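Written below as structure tokens is the structure these notes are about.
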Amino acid sequence: MSVTDVAVQESVPPPRTERIVNDFSIQVATVNGSGSQTANMVLLRSIFQMGVPVSGKNMFPSNIAGLPTWYTIRASAKGYVSRKKEVDFLVAMNPETAKEDVLTLQPGAAAVYDEPLKLNELRSDIVFYPVLFDKIIGTITHDAKLRRLVRNMIYDGVLSRLLSVDMAQMEQALRKQLGKKEKAILLNLGALKAGYEYAEANLPKQDPFVIEPMDKTTGMILIEGNAAAAIGCLMAGVTFVGWYPITPSSSLPESLIDYLKKYRRDPETGEATYAVVQAEDEIAALGMVIGAGWVGARAMTSTAGPGLSLMAEFTGLGYYAEVPAVIFDVQRVGPSTGLPTRTAQPDILAAAVLSHGDTKHPLLLPASVEECYTMSMDAFDLAERLQTPVFVMSDLDLGMNNWMAHPFEYPTKPLDRGKRLDAETLKRIGTFARYRDVDGDGIPYRTVPGDGMPAYFARGSGHNEAAQYSERADDYANNLDRLGRKFETARTLVPKPEVEMGGSGGIGLIAYGTTHWAVIESRDQLKNEEALDTSYLRLRAYPFTPEVGEFIDRCDRVYVIEQNRDAQMLSLLKMDCTPAQFAKLRSILHYAGLPIDGRSVTMELLEQERDGSGGAR
Amino acid sequence: MATTPAQPKAAPAKKTNRIGLELLAYRGGKTTLCAGCGHNAITERIIESFFELGIDPAQVIKLSGIGCSSKAPAYFLNRAHGFNSVHGRMPAVGTGAVIANRKMIAIGVSGDGDTGAIGVGQFVHLMRRNLPFVYIIEDNGCYGLTKGQFSPTADLGSTLKTGVINDLPPIDTCALAIELGASFVARSFSGDPKQLKAILKAALSHRGTAMIDVISPCVTFNDHEGSTKSYAYVKDHDEAVSDVSFVPYFEDINIDYDPGTSTAVTLHNGSKILLSKLSEDYHPTDKMSAMRLLHESAARGEYATGLIYVEPDKQDFVDMLGLVDEPLSMLDQSRTRPGKAALTEIMESFR
């Protein structure tokens, strides 16, 4: 028996008299391709403009038109931006899913729906707002093509009235979304107002949810992680991009192309100071990046799980021939094709040791759009400093959804081009050997074609210090050991974790990427509802820096929280742990294709605390 | 003032090229291929071609995939940067490298398995892009390094030493390259030094993808009766379509030729290639003729050798990208990191 079966049989709750201000979620259920994205962005932006912290998450199908899609907007005075498990206010626009959408609501929720669907007959413990969409549309347009689009703007108007979202803000947001298309603006404004007036005349307020102005978004921007990463690449001085289209990564290179076209032309000649090539597949995309990186360009590619699999071969070459490369992995649900439009963190292990043989690679773990920006720049610097492929592990939730952020700061650190041999260095070190560890940090000096320095022969086959083919046991072992030393150097260069110790140490939490946003909410729930004071470490990179081991030492037990089935980061941690640390590690996992939420973390943690099993793996 | 001492008698000067380098400067490491391997002869022609053209080795990048053929770049031009990449992926690495430094002359050596099997996808797209790149296939119809298995260019009906018969038709890499957009397509034979060198020199002067399929019998696994890529077979079935003479643009043109029997084609850098036509109606600039020639000679069990197709003025991929003149790899931060105003403007667009 499902929860909803019970809900239907429950008696009608008394009307809610309390007001729930700036702390609820709205879910709009539509059909993809219906143009609902504009209406959803207008609603999101209006709440943002009213100074209320807000987040928007699109749960869409791998399809262009005709399949169900849900857009969730969460207003949170406290600033929580992870997904809220419960839907408080439903806009049921999709006849296909309307019944299920309504049945899965919590008692006390509210639903706006198209009147002919008669959803109000399904249950009596929620507030229903029937809207005669067709009748309203008739007053706005008779153009069959426009009817569907206008329909979406009508629900914005209805919500504006029901939730007290300022109409002036709605209009401003609409103008922002539609730019200079005056005819479209007028049409949509008409729909917005018609929706508002309909609600004013026909739908007396019965639910408790209200938006009230705040001042918590002043000066902030709304931006998707992929766009933020593109801006980071632009500012990192990227000169070569090789890519292949794949969801949810494509908007990263596509945004980057737009910025490069605008900001990276020679002021005198108009010629490009960059090149972008759409490759024939992900193998070629990374191959081009490796070729460009070998020659000295700042080169990158961007992909998702299936592309990552194809990139294994070239990642190994980049590792062994020691070629800088930046690879963005905007993670999605796997395995195989998986769910291309759903989010997860399932590529951590694959990326960390991608390719056969002994390989390991630095991973950067952005949690926010700000970090998508800064870590893009970090990635290029690290790739050139370490002469190796570096991965930036974003995800669909971060990459394709809009997040609030403070405007990004202009970088003050100059580009780090790494150890490039010049005449002075050559004089100091005597002779050039491409893979000799001159400085003891495992990082050799490199030369590039056309720099006037000695040439060398790069290869993916066994080689000695002088880059010559060698099958000698000592050459092989020495080289592999040096690569190991280089990874230890990486440990000192990657971004350090953020650590917050609570109380005596006690329960520790470790998370990374977008899981962070659920964890901060869960920590508040644990503290406020259960008086459990937790410590928290947010990983920002692999290899792990010493802070991670120290954190585990200071806690009694540590829950590693992540969005995959196999506790992948936990596995990586265990590779680095002492036996005592190992024994403390537990796991909280979320892998439903939806972004992780704070309540799920809290419930799972409490359950494991209660039964004492600790979910040890 | 002291009188000038008598100069010791100078040793006879070694032959140098127009930039003052000896042939030795174009050599590489010692070959590790089998004695008598056709690939070594091709390496010699590559060395001679670069030497005679007077190309600075430091201006060259040399690439390869994996296989016997792909070892070759280690055996020429020691002073050039080289990259022995992964199996079948030389085109991608080459594409990134050439775009990142447009000043470099790129030469790549692949094999028939590296190109026609595992690498056919990348080969197709390299040809299609017409990237400035000299792409040599050292074609022996078999996998030498893994002991003689058939490759996709093995001829229908040819037999392995073990008696296994190839029952699939071969891929004609020249026909494929022409169809896909390569602007210089030739076929030669490792045992024909004169023709091969002329083609190589012409290819190095061409701007665009120059694809050269060089039949190069495998002396260990595929030079026996029953193999259509043996020395004996090719010598008997080689139909030279054109007698190629190459005239570098920086040398005086003093070739004596009869206009009635030759076609002169001007290459990108102003140099000319002279083709003495053996077949009266053959035009190397006509795609249809080139395809007909390949199909007809294949039907007769013959290899048409020479410059099969050339399109000297076709726009190459690097030009298409509209890049700055200076190599992308050499641009410094002042040219690659936009100023603060750009970031402010971008941030404004997200408010």
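Per this entry, residue A:311 is not counted among residues that are at the interface with chain B (Cβ under 9 Å from one of its Cβ atoms) and over 26 Å from residue A:223 (Cα atoms).
Quick grid of which residues meet (1) outside any loop (DSSP other than H, G, I, E, B); (2) out of contact with any helix residue (DSSP H, G or I) (no Cβ under 7 Å at 6 or more places or on another chain); (3) at pLDDT 95 or above; (4) buried (at least 16 other Cβ atoms within 10 Å of the Cβ):
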| residue | (1), (2), (3), (4) |
| --- | --- |
| A:17 | no, yes, no, no |
| A:27 | yes, yes, yes, yes |
| A:30 | yes, no, no, yes |
| A:45 | yes, no, yes, yes |
| A:48 | yes, yes, yes, yes |
| A:75 | yes, no, yes, yes |
| A:80 | no, no, yes, yes |
| A:86 | no, yes, no, no |
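The set of residues in the stretch A:386-442 that are over 25 Å from residue A:330 (Cα atoms), buried (at least 18 other Cβ atoms within 10 Å of the Cβ) and within 11 Å of another protein chain (Cβ to nearest Cβ) contains only A:434. Considering the stretch A:455-474, the residues that are within 29 Å of residue B:104 (Cβ to Cβ) and more than 8 Å from chain B (Cβ to nearest Cβ) include one that is surrounded by the most Cβ atoms within 10 Å (Cβ to Cβ), namely A:463.
If you scan the stretch B:333-351, which residues turn out to be of a type in the set (D, E, K, R) and either more than 8 Å from every other protein chain (Cβ to nearest Cβ) or part of a helix (DSSP H, G or I) (or both)? So that I can check it myself, show each step before the final result.
Going residue by residue through the stretch B:333-351, those that are of a type in the set (D, E, K, R) are B:335, B:337, B:340, B:345, B:348, B:351.
B:335, B:340, B:345, B:348, listed by residue number.
Scanning the stretch B:95-113 for residues that are out of contact with any helix residue (DSSP H, G or I) (no Cβ under 6 Å at 6 or more places or on another chain) and of a type outside the set (A, V, I, L, M) yields B:103, B:112, B:113. When residue A:232 is tested against (1) of a type outside the set (Val, Ile, Thr); (2) crowded, with 24+ Cβ neighbours inside 10 Å; (3) at the interface with chain B (Cβ under 10 Å from one of its Cβ atoms), exactly one condition is not met: (3). When A:302, A:309 are checked against the criterion of being polar (S, T, N, Q) and buried (at least 24 other Cβ atoms within 10 Å of the Cβ), a single residue qualifies: A:302.
Return yes or no: is residue A:366 crowded, with 24+ Cβ neighbours inside 10 Å, in a loop (DSSP other than H, G, I, E, B) and not assigned by TED's automatic domain parsing to the domain that holds residue A:60? It would help to see each step written out before you state the result.
On the way: crowded, with 24+ Cβ neighbours inside 10 Å: yes; in a loop (DSSP other than H, G, I, E, B): yes; not assigned by TED's automatic domain parsing to the domain that holds residue A:60: yes.
Against the criterion (crowded, with 24+ Cβ neighbours inside 10 Å, in a loop (DSSP other than H, G, I, E, B) and not assigned by TED's automatic domain parsing to the domain that holds residue A:60), residue A:366 qualifies.
If you go through the stretch A:203-214 one residue at a time, do you hit one that is surrounded by fewer than 24 Cβ atoms within 10 Å (Cβ to Cβ), without any contact (Cβ under 8 Å) to a residue 40 or more places away in the chain and assigned by TED's automatic domain parsing to the domain that holds residue A:19? The answer is yes; a qualifying residue exists. The set of residues in the stretch A:119-147 that are closer than 19 Å to residue A:205 by Cα, surrounded by fewer than 16 Cβ atoms within 10 Å (Cβ to Cβ) and without any contact (Cβ under 8 Å) to a residue 60 or more places away in the chain is empty.
Every condition in (1) assigned to a strand (DSSP E or B); (2) more than 8 Å from chain B (Cβ to nearest Cβ) holds for residue A:223 except the one numbered (2).
Would you mind finding the one in B:175, B:203 that is touching a residue at least 40 places away in the same chain (Cβ under 8 Å), touching a helix residue (DSSP H, G or I) at 6+ places or on another chain (Cβ under 7 Å) and small (Gly, Ala, Ser)?
Details: B:203 fails: touching a helix residue (DSSP H, G or I) at 6+ places or on another chain (Cβ under 7 Å).
After ruling out the rest, the residue left standing is B:175.
As for the stretch A:325-345, it holds at least one residue that is outside the structural domain of residue A:485 (by TED's automatic domain parsing), more than 21 Å from residue A:396 (Cα to Cα) and buried (at least 20 other Cβ atoms within 10 Å of the Cβ).
At pLDDT 95 or above, farther than 30 Å from residue A:558 by Cβ, away from chain B (no Cβ under 14 Å) and not in a helix (DSSP H, G or I) - does that describe any residue in the stretch A:488-506? No, the stretch A:488-506 contains no residue that is at pLDDT 95 or above, farther than 30 Å from residue A:558 by Cβ, away from chain B (no Cβ under 14 Å) and not in a helix (DSSP H, G or I). Filtering the stretch A:131-161 to residues that are of a type in the set (Lys, Arg) and in contact with a Ser or Thr (Cβ under 6 Å, 6 or more places away or on another chain) leaves only A:148.
Using the structure shown, decide if residue B:337 is surrounded by 13 or more Cβ atoms within 10 Å (Cβ to Cβ), free of Cβ contacts under 8 Å to residues at least 12 places away in the same chain, under 30 Å from residue A:176 (Cα atoms) and not β-branched (Val, Ile, Thr). Before you say what the answer is, go through the steps one by one.
Values: surrounded by 13 or more Cβ atoms within 10 Å (Cβ to Cβ): yes; free of Cβ contacts under 8 Å to residues at least 12 places away in the same chain: yes; under 30 Å from residue A:176 (Cα atoms): yes; not β-branched (Val, Ile, Thr): yes.
Answer is yes for this residue.
Checked against (1) out of contact with any strand residue (DSSP E or B) (no Cβ under 9 Å at 6 or more places or on another chain); (2) within 30 Å of residue B:100 (Cα to Cα); (3) among the basic types (Lys, Arg), residue B:187 passes all but condition (1). I'm trying to understand the selection: among the residues of the stretch B:67-99, which are more than 7 Å from chain A (Cβ to nearest Cβ), out of contact with any Leu (no Cβ under 8 Å at 6 or more places or on another chain) and assigned to a loop (DSSP other than H, G, I, E, B)? Within the stretch B:67-99, B:77, B:78, B:87, B:88 meet the criteria.
The rows are residues; the columns are (1) under 24 Å from residue A:391 (Cβ atoms); (2) touching an Asp or Glu at 6+ places or on another chain (Cβ under 7 Å); (3) among the aromatic types (Phe, Trp, Tyr).
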{"residue": "A:492", "(1), (2), (3)": "yes, no, no"}
{"residue": "A:498", "(1), (2), (3)": "yes, no, no"}
{"residue": "A:503", "(1), (2), (3)": "no, yes, no"}
{"residue": "A:523", "(1), (2), (3)": "no, no, no"}
{"residue": "A:531", "(1), (2), (3)": "no, no, no"}
{"residue": "A:535", "(1), (2), (3)": "no, yes, no"}
{"residue": "A:553", "(1), (2), (3)": "no, no, no"}
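Taking the stretch A:443-454, which residues are more than 11 Å from chain B (Cβ to nearest Cβ) and touching a residue at least 60 places away in the same chain (Cβ under 8 Å)? The one that is more than 11 Å from chain B (Cβ to nearest Cβ) and touching a residue at least 60 places away in the same chain (Cβ under 8 Å): A:444.
To keep it simple, each residue is scored yes or no on (1) out of contact with any helix residue (DSSP H, G or I) (no Cβ under 7 Å at 6 or more places or on another chain); (2) among the small types (Gly, Ala, Ser); (3) touching a residue at least 24 places away in the same chain (Cβ under 8 Å); (4) closer than 19 Å to residue B:67 by Cβ.
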position: B:134; (1), (2), (3), (4): no, no, yes, yes
position: B:158; (1), (2), (3), (4): yes, yes, yes, yes
position: B:180; (1), (2), (3), (4): no, no, yes, no
position: B:191; (1), (2), (3), (4): no, yes, yes, no
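Helices (runs of 4 or more DSSP H) fully within the stretch A:120-211 that include at least 3 residues being under 31 Å from the mean Cα position of the chain (by Cα) and modelled with pLDDT of 95 or more: A:144-163, A:167-178.
Please determine whether any residue of the stretch A:395-415 is under 26 Å from residue A:510 (Cα atoms), more than 21 Å from the chain's Cα centre (by Cα) and of a type in the set (Lys, Arg). Among the residues of the stretch A:395-415, not one is under 26 Å from residue A:510 (Cα atoms), more than 21 Å from the chain's Cα centre (by Cα) and of a type in the set (Lys, Arg), which makes the answer no.
Before we move on, is residue A:261 more than 28 Å from residue A:77 (Cα to Cα) and either within 14 Å of chain B (Cβ to nearest Cβ) or at pLDDT 95 or above (or both)?
Working: more than 28 Å from residue A:77 (Cα to Cα): yes; either within 14 Å of chain B (Cβ to nearest Cβ) or at pLDDT 95 or above (or both): yes.
So residue A:261 fits the description; yes.
The values are calculated or read from the model by the stated rules, or taken from the named source; none is laboratory data. Source: prediction; values computed, not measured. Every residue, glycine as well, gets a Cβ built from its backbone with ideal geometry; the counts of neighbours run over all protein chains shown.
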